[in-house]
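**Q** Handing you a structure now.
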Amino acid sequence: MLKNKTFKTIFPAIAVPFNEDYTINEPEFRKYIDWIASIDGIDGIVCNGHTGEITALSREERKRVVEIVNEEAGDKLTIVSGVNSESTEGAIEMARDAKEAGADGILLMPPHMWLRFGMNPRAPFEYIKDVADGADIDIIIHLYPATTKAFYPIDTLLKMCTEIPHVKGVKMGTRVEPIYEHDIRVLRAKSPETVLLTCHDETLLSSMFPGMDGAIIGFAGCIPELITAAWKAYEHGNMKDIHHYDDLIYPMAQAIYGGGQPSGEAHARLKEALVQRGVFSNALMRKPVLPLNQEEKDWVAKGIRDSQVGKVNLLVK
């Protein structure tokens, strides 16, 4: 029986556990993927995202991550791999690697040099089109915040969605509410087949309100049972349940994101939450992200307690 490939779902953006020597801990990673795949309401998974430390992994490690995810859940989940490169040719190579390893699509990030220096207005469209043509794989566009120089204006975004057939969706990381809602309305009107996914971990429930098709969210790799329950409440339009799950999710959002956007330190706190839930044996992050201090660990523990999520205990043999 073939799996139902879909981009309209909750995509947990998963972390990667490391051994003490910072190599990938494959046994723990496999158990983690199996747990995620077992959660009702999750039909997709994103690996090699920022939560998965994409910029700290080698090309070979990124490909291996996709291979492991495919081996464990390729028959159940739509697999999307992040692609990040400072060159078009590098992005094409990584997209081909992901496809060869079993990915159904890629999450294509802008070159990070654009964050510092900006870009020619024509460059983003050419970049996405060149990768689509060169790798022949479905693409979810990773839209960066409107406050950055790497943000794609709505005219550019609409051109990508309507003129590049491989573009199937957008991870709407706008993070400026008036622009976010405006651009969603334009895309819905002029490119209704484009899948729109929130990634606003820190304001998840409110970011669903404009009418999203799902989410790509690191948070869902940490408390998937709460995120999927909240999504079901949203789909059913049950405001009482929406507020209930929002109240449960909020303490963990504060513990991990602290009221701000995701960052390397936020991803370290997310890994610590996975340790405290019994999913990972350590919270090692590759430097320059530094280990948490005890106060930060206690902050995570309080979030877990107040959100009423318990132990998963995947490490028990």
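The values are calculated or read from the model by the stated rules, or taken from the named source; none is laboratory data. Here the structure is a predicted model, which is why all the values come from computation and not from measurement. Methodologically, a virtual Cβ is constructed for each residue, glycine included, from the backbone with ideal geometry; neighbour enumeration extends over all protein chains shown. Heavy atoms of the whole protein, side chains included, go into the accessibility calculation; ligands, DNA and RNA do not. Shrake-Rupley method; radii C 1.70, N 1.55, O 1.52, S 1.80 Å.
**Q** Of all the Cα-Cα pairs you can form in segment 206-304, what percent are over 15 Å apart?
**A** Everything past 15 Å amounts to 62 percent.
**Q** Considering only protein heavy atoms and a 1.4 Å probe, what is the carbon-and-sulfur percentage of the accessible area of the chain?
**A** It is 52 percent, rounded to a whole number.
**Q** Also, I was wondering about something else. For H244 and A123 in the same chain, what is the full-extension length gain: residue separation times 0.36 nm, less their Cα-Cα distance, in nm?
**A** Roughly 39.2 nm would be gained on extension.
**Q** Rounded to the nearest 5, what is the percent of antiparallel bridges among the DSSP beta bridges in the chain?
**A** 5 percent
**Q** Over 14 Å apart: what share of the alpha carbon pairs of segment 116-161 falls there, rounded to a whole percent?
**A** Here the tail beyond 14 Å accounts for 51 percent of pairs.
**Q** Taking just the alpha-carbon atoms of the chain, what radius of gyration and Dmax come out, in angstrom?
**A** 18.3, 54
**Q** Would you work out which of G169, L196, I140 lies farthest towards the positive end of the dipole of the chain? Charges go on Cβ: Lys and Arg +1, Asp and Glu -1.
**A** My answer, from the dipole projection, is L196.
**Q** Excluding ligands, DNA and RNA, what is the solvent-accessible area per residue of the chain at a probe of 1.4 Å, expressed in Å²?
**A** Value returned for the chain: 43 Å² of accessible area per residue.
**Q** Tell me, what is the FRET efficiency for I39 and R188 to the nearest 0.05, using R0 = 30 angstrom and their Cβ-Cβ distance as r?
**A** That gives a FRET efficiency of 0.60.
**Q** Which residues make up the longest stretch of the chain clear of GluC sites (Glu not before Pro) that lie in a DSSP loop with no more than 15 other Cβ atoms within 10 Å, not counting the sites?
**A** For GluC sites (Glu not before Pro) (loop position, at most 15 other Cβ atoms within 10 Å), the longest site-free span of the chain is 194-317.
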